[in-house]
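Student: Can you keep this structure in mind? I'll have questions shortly.
The values are calculated or read from the model by the stated rules, or taken from the named source; none is laboratory data. Quick caveat, the model's predicted, so the values are computed rather than measured. Here the Cβ positions follow ideal geometry from the backbone for every residue, glycine too, while neighbour counts run over all protein chains shown.
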Amino acid sequence: MVDQGNPNLQKIISINAYKNEYYQFQNNALQKIEKLSYDKRNFVVSTLDAKDFISSLIEISVNIPPEDLQDAIELKAYDDLGLDQAVEYVIRFIEAPERKTDKLRYFHVFVAEPEVLHETFDSVREQVKYIDYIYPKPYLIQNIYEKDILDAYGVHGFLYFQKEDAFLALFKDGEYLYSKSLKYSFENIYERFCELYGERVDEEAFYDMLQNEGLKTSNFDYQDQLMKLFSEIFLYVNDILIYAKRAFDIEKIDMFYAGSESGPILGLNEYAHTYLGIESNDFDFDYEMEKGEWYIDQFHYLSVLEAIKDIEGEESPNFTLFFRPPPFVARRSGQFIITTIATVVLALSLPVYNYTYDTYVKIVNEKLTKEEKQLNELVTSIKREISSLEAKKKDVLAKIKAEKDLFEKKKKILSAIYDKKVNYPMKAKTIVSFGNDMSKFNVKVTKIIDEDNSFTLSLYSTSEKKITQFIKYLTDKYERKIHTDIEKIYKDEKTGIYQGDLKVTVL
């Protein structure tokens, strides 16, 4: 029994709507179920992937009263995030109390489109009739700290791969700080691997290899491409961490956890440690629940833990649009049936009915007249407030536009100055240095193409080995200063000359 303060609840049902995967929690056991069914005694929860919502930190004046907080946050979210005014987004938020100042309060805001919620969960709703809570997935990681599985001290990073999504999340002292959807879902990893490998491999066999052998596969034909691919992934993750550290004033990340919905990936922690310089462990924890499988997606456990808190009266960011039906007496059909029964009973006693009905009509009329007067006063007040706010908003937007225009103008000037003083000399110096290096290996260049922070050298030599040695020399000599990439080296059959285009990115 899942009583948790509510004896009417029998089970917690955790749903992954993206994979049509369902688990039930009862008697401290988490078990997979093959089919969903409606039962009003079930507490039904699910999660929304990071790719399907926007997460941001916004600031609000401390002077805003509690009754106006929701409206103020929504208005700020529309302005700060540039949301489409024609769309009524689903906006949820939690406060970040540790950032509060004398003048400002800060809130983590989660924004989703109703259309996306319907596309993702309508098929599930048809089976269970309602979904009590839909959580923003990365937010649930806080339960790991609340269950004392991890110490709520320092900054921790979490990297999680799924078939259709992947995300990076940061928590500071056990509190949600930042999350971002990544472009490297398992599907994208598979496509990128095939691109690097030069031909398509069996998709299911590729996923099985990752799950069973990880990045240390025994298939030597795959090994080099996997190394290149995950090096690319963690360089991308490192760029995001650099941004997050700057945006949230993070001095360092103390620990990193990496995993996937299919289980730990062998070798993933070594890549995290190598490319991020952070000690890394598996994102795979013991939640002290009985289970019937060797591995269950971590977010089924975390959804259950969050659901237990909600049953006990705590509140979580909730994207659901699929609420439970109201009690019978609160439904229109229920009210109709009750009214009908009452009418029949009254009809059996006409005098009593006439007297009672006449009294009822008078009371209702008096109540409606009073309510009408109150509503008219409220409408007039609201219209005046809207007119005032619209005028203020128009003035603020004009000032913001002027400031943005001035900022963009100055930004372009500074970028141009920086590019001329720093990037151009750096590129020129790097190309001259490459010229000296090429002479050592008898490698020549026929063309240089300059593109922002990178350039492409069209190389040729009488020997493919010399070009290869030259590229390896550059990689070793300029480690962490440049990134080199060459798709292929080919031989001109007429001249016997080997050629290739080397792309160099200045880091």
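Student: Tell me which residues, restricted to segment 84-106, are β-branched (Val, Ile, Thr) and assigned to a loop (DSSP other than H, G, I, E, B). If you could, list the steps in order and put the result at the bottom.
Tutor: Our first condition is that a residue be β-branched (Val, Ile, Thr); within segment 84-106, this holds for 87, 90-91, 94, 101.
VAL87, THR101, listed by residue number.
Student: Has segment 158-165 got any residue that is under 30 Å from LYS35 (Cα atoms), in contact (Cβ under 8 Å) with a residue 60 or more places away in the chain and among the acidic types (Asp, Glu)?
Tutor: The answer is yes; a qualifying residue exists.
Student: Looking at this structure, is TYR130 closer than 19 Å to VAL304 by Cβ, at pLDDT 95 or above, in the same structural domain as LEU57 (by TED's automatic domain parsing) and not small (Gly, Ala, Ser)?
Tutor: Values: closer than 19 Å to VAL304 by Cβ: yes; at pLDDT 95 or above: yes; in the same structural domain as LEU57 (by TED's automatic domain parsing): yes; not small (Gly, Ala, Ser): yes.
It is true that TYR130 is closer than 19 Å to VAL304 by Cβ, at pLDDT 95 or above, in the same structural domain as LEU57 (by TED's automatic domain parsing) and not small (Gly, Ala, Ser).
Student: Sticking with this structure for a sec: Would you check which residues across segment 129-172 are small (Gly, Ala, Ser) and more than 17 Å from the chain's Cα centre (by Cα) and list them? Give the steps one after another, and end with the answer.
Tutor: Pass one, segment 129-172, residues small (Gly, Ala, Ser): 152, 154, 157, 166, 169.
Scanning segment 129-172 gives ALA152, GLY154.
Student: Which ones in segment 61-80 are closer than 15 Å to ILE94 by Cβ and touching a Leu at 6+ places or on another chain (Cβ under 7 Å)?
Tutor: ALA77
Student: Here's something else I'd like to know. Of the residues in segment 450-504, how many are surrounded by fewer than 12 Cβ atoms within 10 Å (Cβ to Cβ) and among the small types (Gly, Ala, Ser)?
Tutor: 1
Student: Looking at GLU98, is it touching a residue at least 12 places away in the same chain (Cβ under 8 Å) and either of a type outside the set (Ser, Thr, Tyr) or crowded, with 16+ Cβ neighbours inside 10 Å (or both)? So that I can check it myself, show each step before the final result.
Tutor: Values: touching a residue at least 12 places away in the same chain (Cβ under 8 Å): yes; either of a type outside the set (Ser, Thr, Tyr) or crowded, with 16+ Cβ neighbours inside 10 Å (or both): yes.
Spelling it out, GLU98 is indeed touching a residue at least 12 places away in the same chain (Cβ under 8 Å) and either of a type outside the set (Ser, Thr, Tyr) or crowded, with 16+ Cβ neighbours inside 10 Å (or both).
Student: Please determine, by comparing only the residues of segment 452-507 that are polar (S, T, N, Q), within 20 Å of VAL432 (Cβ to Cβ) and not in a helix (DSSP H, G or I), which one is farthest from the chain's Cα centre (by Cα).
Tutor: Restricting to residues being polar (S, T, N, Q), within 20 Å of VAL432 (Cβ to Cβ) and not in a helix (DSSP H, G or I), the top hit is SER461.
Student: If you don't mind, there's one more thing I want to ask. So which residues in segment 145-203 are at pLDDT below 95 and of a type in the set (S, T, N, Q)?
Tutor: none
Student: Does segment 159-204 hold any residues that are of a type in the set (A, V, I, L, M) and surrounded by fewer than 17 Cβ atoms within 10 Å (Cβ to Cβ), and which are they? Even if it seems obvious, please write down each step before you answer.
Tutor: Within segment 159-204, the subset of a type in the set (A, V, I, L, M) is 159, 166, 168-170, 177, 182, 189, 196, 201.
The answer is LEU196, VAL201.
Student: Still on this model: Would you pick out the residues in segment 225-262 that are surrounded by fewer than 20 Cβ atoms within 10 Å (Cβ to Cβ) and in a loop (DSSP other than H, G, I, E, B)?
Tutor: PHE248, ASP249, ILE250, GLU251, LYS252, ILE253, ASP254, SER262
Student: Right, something else. So, in segment 290-308, of the ones that are outside any helix (DSSP H, G or I) and surrounded by 15 or more Cβ atoms within 10 Å (Cβ to Cβ), which residue ends up modelled with the lowest pLDDT?
Tutor: Initially, segment 290-308 is screened for residues outside any helix (DSSP H, G or I), giving 290-297.
If we keep only those that are surrounded by 15 or more Cβ atoms within 10 Å (Cβ to Cβ) too, we end up with 291, 296-297.
Values: LYS291: 90, ILE296: 96, ASP297: 97.
Applying the filter and picking the extreme gives LYS291.
Student: Give me a count of the residues in segment 312-324 that are surrounded by 18 or more Cβ atoms within 10 Å (Cβ to Cβ) and either aliphatic (A, V, I, L, M) or at pLDDT 95 or above (or both). Let's see the steps before the verdict.
Tutor: Pass one, segment 312-324, residues surrounded by 18 or more Cβ atoms within 10 Å (Cβ to Cβ): 316-320, 322.
Now narrow it down to the ones that are either aliphatic (A, V, I, L, M) or at pLDDT 95 or above (or both): 317-320, 322.
Number satisfying all stated conditions: 5.
Student: Which members of segment 432-446 meet the condition of being under 45 Å from the mean Cα position of the chain (by Cα) and at pLDDT 85 or above?
Tutor: The one that is under 45 Å from the mean Cα position of the chain (by Cα) and at pLDDT 85 or above: VAL445.
Student: Evaluate segment 135-157: report whether one residue or more is among the acidic types (Asp, Glu) and either over 25 Å from ASP254 (Cβ atoms) or in contact with a Pro (Cβ under 8 Å, 6 or more places away or on another chain) (or both).
Tutor: The initial filter retains those residues of segment 135-157 that are among the acidic types (Asp, Glu), namely 146, 148, 151.
From what is left, the residues that are either over 25 Å from ASP254 (Cβ atoms) or in contact with a Pro (Cβ under 8 Å, 6 or more places away or on another chain) (or both) are none.
Within segment 135-157 (the criterion being among the acidic types (Asp, Glu) and either over 25 Å from ASP254 (Cβ atoms) or in contact with a Pro (Cβ under 8 Å, 6 or more places away or on another chain) (or both)), the answer is no, since none of the residues qualifies.
Student: While we're on this one: Looking at segment 168-186, is at least one residue out of contact with any Asp or Glu (no Cβ under 7 Å at 6 or more places or on another chain), assigned to a helix (DSSP H, G or I) and either among the polar types (S, T, N, Q) or in contact (Cβ under 8 Å) with a residue 24 or more places away in the chain (or both)? Steps first, please.
Tutor: To start, the set of residues in segment 168-186 that are out of contact with any Asp or Glu (no Cβ under 7 Å at 6 or more places or on another chain) comprises 168-174, 176-180, 182-184, 186.
Those left that are additionally assigned to a helix (DSSP H, G or I): 186.
From what is left, the residues that are either among the polar types (S, T, N, Q) or in contact (Cβ under 8 Å) with a residue 24 or more places away in the chain (or both) are 186.
Yes, segment 168-186 contains a residue that is out of contact with any Asp or Glu (no Cβ under 7 Å at 6 or more places or on another chain), assigned to a helix (DSSP H, G or I) and either among the polar types (S, T, N, Q) or in contact (Cβ under 8 Å) with a residue 24 or more places away in the chain (or both).
Student: What number goes with the only condition from (1) within 24 Å of VAL45 (Cα to Cα); (2) not assigned by TED's automatic domain parsing to the domain that holds ILE131 that ASP297 does not pass?
Tutor: Checking ASP297 against (1) within 24 Å of VAL45 (Cα to Cα); (2) not assigned by TED's automatic domain parsing to the domain that holds ILE131, the one that fails is (2).
Student: I'm told LYS392 meets every condition in (1) basic (Lys, Arg); (2) within 30 Å of TYR275 (Cα to Cα); (3) modelled with pLDDT under 85 except one. Can you identify the failing condition by its number?
Tutor: Checking LYS392 against (1) basic (Lys, Arg); (2) within 30 Å of TYR275 (Cα to Cα); (3) modelled with pLDDT under 85, the one that fails is (2).
Student: Looking at segment 6-83, what strands (runs of 3 or more DSSP E) fall wholly within it and have at least 2 residues that are in the same structural domain as PRO317 (by TED's automatic domain parsing) and more than 27 Å from ASP249 (Cβ to Cβ)? Talk me through it step by step, then tell me what you get.
Tutor: Details: elements: 11-16, 21-26, 29-33, 42-48, 54-61.
It comes to 11-16, 21-26, 29-33, 42-48.
Student: Are there any pairs, at least 6 apart or on different chains, whose C-beta atoms fall under 7 Å, with the first in segment 20-39 and basic (Lys, Arg) and the second part of a loop (DSSP other than H, G, I, E, B), and if so, which?
Tutor: Taking only residues 6 or more apart or on different chains, the pairs are LYS32/GLY292; LYS32/GLU293.
Student: On to the next question. Which residues, taken from segment 30-81, are over 25 Å from GLU293 (Cβ atoms) and among the hydroxyl-bearing types (Ser, Thr, Tyr)?
Tutor: Across segment 30-81, the qualifying residues are TYR38, SER55, SER56, SER61, TYR78.
Student: Still on this model: Pairs under 6 Å by beta carbon, first residue in contact (Cβ under 8 Å) with a residue 24 or more places away in the chain in segment 479-507, partner among the basic types (Lys, Arg) and assigned to a strand (DSSP E or B), six or more apart or different chains?
Tutor: If the second residue must be among the basic types (Lys, Arg) and assigned to a strand (DSSP E or B), the pairs left are TYR498/LYS491.
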